[in-house]
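The values are calculated or read from the model by the stated rules, or taken from the named source; none is laboratory data. The structure presented is a predicted model; accordingly, all values stated were derived computationally and were not measured. Note: ideal-geometry Cβ built from the backbone for every residue, glycine included; neighbour counts use all protein chains shown.
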Amino acid sequence: MSARRGRRLRLGLPKGSLEATTFKLFTLAGFNIRVASRSYYPDLGDPEIECILIRAQEMARYVSQGVLDAGITGLDWTLENRARVRELADLRAPWPNYGPVRWVVAVKSSSSIRRPKDLAGKRIATEVVGLTRRYLRKHRVRADVEFSWGATEVKPPILADAIVDVTETGSSLDANGLRVMDTLLESTPRFIANREAHAEAWKRGKMDRIVLMLRAVIDAVGRVGLMCNVPKRRLDEVLAVLPALQNPTVSQLADERWVAINTVVEERLVTELVPRLVEAGATGIVEYPLNKLIE
């Protein structure tokens, strides 16, 4: 009914480093995402959602202005743009470019810069000029901050005395002979909404349903379901072994002397957990994958 009335949610998806993982996330969440070659308008298979691909650096600004109703971008770019948006979810996940990243002050390993006050009068290159200037004001330091168009890590010491750059593992900084002097911010991908759009009941409901499914996928990562049969007389022993997401589901079997247990555990624990379950009296143990998990 909503689509027939022409109501649509305009959603921004990040172009660039977050793009492939974002598409994977929406696909796993059940959206039939398609995008034609060289097109900037993905189709999610939902006539009530209109998508556009734009750079994560610009996303928060467009959401704040109401050009977009909602979008996915890093916390860093929301803060950099001082965007007045409503954050609906932290989408951090153990996937490429969806884990935490840090914005750091880095200098050459041989540099005499050891603390924020040593940046006074220096030249700093960065993509996050606003964040960097606010960092300097916080430390009551005056320095020359210039926008970097990329390859920022190669600029010290000739083109800049220091840089503020983003890093996930620090390997690129190490490879260029740089040392982290301080950390400005840790950032993860966020689902953000325009405040006025979120105040509209229909749009808010649509956003909440999208977030619910995205979070369900992320919460299932690294977890599996376990089922097993247990003699009633040994139920307490088995339950003592299980690390449950909440409380395991215990169901009566046809044979009144037996029950079935169903629970969710971290996949990394299964190798150690299954032998302990057998020792505690469990049989018919089945491990199964989880596509989505709503807690």
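Between Gly121, Gly130, Gly150, the distinction of being at pLDDT 95 or above and either under 25 Å from Thr22 (Cα atoms) or assigned to a loop (DSSP other than H, G, I, E, B) (or both) belongs to Gly121 only. Please tell me if Thr21 is surrounded by fewer than 16 Cβ atoms within 10 Å (Cβ to Cβ) and either not assigned by TED's automatic domain parsing to the domain that holds Ile124 or not small (Gly, Ala, Ser) (or both). Judged against the criteria, Thr21 is not a match. Can you say whether Glu279 is free of Cβ contacts under 8 Å to residues at least 60 places away in the same chain, assigned to a loop (DSSP other than H, G, I, E, B) and either surrounded by 18 or more Cβ atoms within 10 Å (Cβ to Cβ) or more than 37 Å from the chain's Cα centre (by Cα) (or both), as far as the supplied structure shows? Answer is no for this residue. Considering Asp174, Asp165, Asp161, the condition of being assigned by TED's automatic domain parsing to the domain that holds Arg137, touching a Phe, Trp or Tyr at 6+ places or on another chain (Cβ under 8 Å) and more than 30 Å from Glu266 (Cα to Cα) is satisfied by Asp165 alone.
Counting only helices (runs of 4 or more DSSP H) wholly contained in the stretch 184-272, the ones carrying 1 or more residues that are assigned by TED's automatic domain parsing to the domain that holds Ala56 and surrounded by 15 or more Cβ atoms within 10 Å (Cβ to Cβ) occupy 195-199, 201-220. Checking each residue in the stretch 154-172 for being more than 14 Å from Ser111 (Cα to Cα) and in contact with a helix residue (DSSP H, G or I) (Cβ under 8 Å, 6 or more places away or on another chain) picks out Val164, Asp165, Val166, Thr167, Ser172. Among the residues of the stretch 137-146, none qualifies, meaning not one is basic (Lys, Arg), without any contact (Cβ under 8 Å) to a residue 12 or more places away in the chain and surrounded by 14 or more Cβ atoms within 10 Å (Cβ to Cβ).
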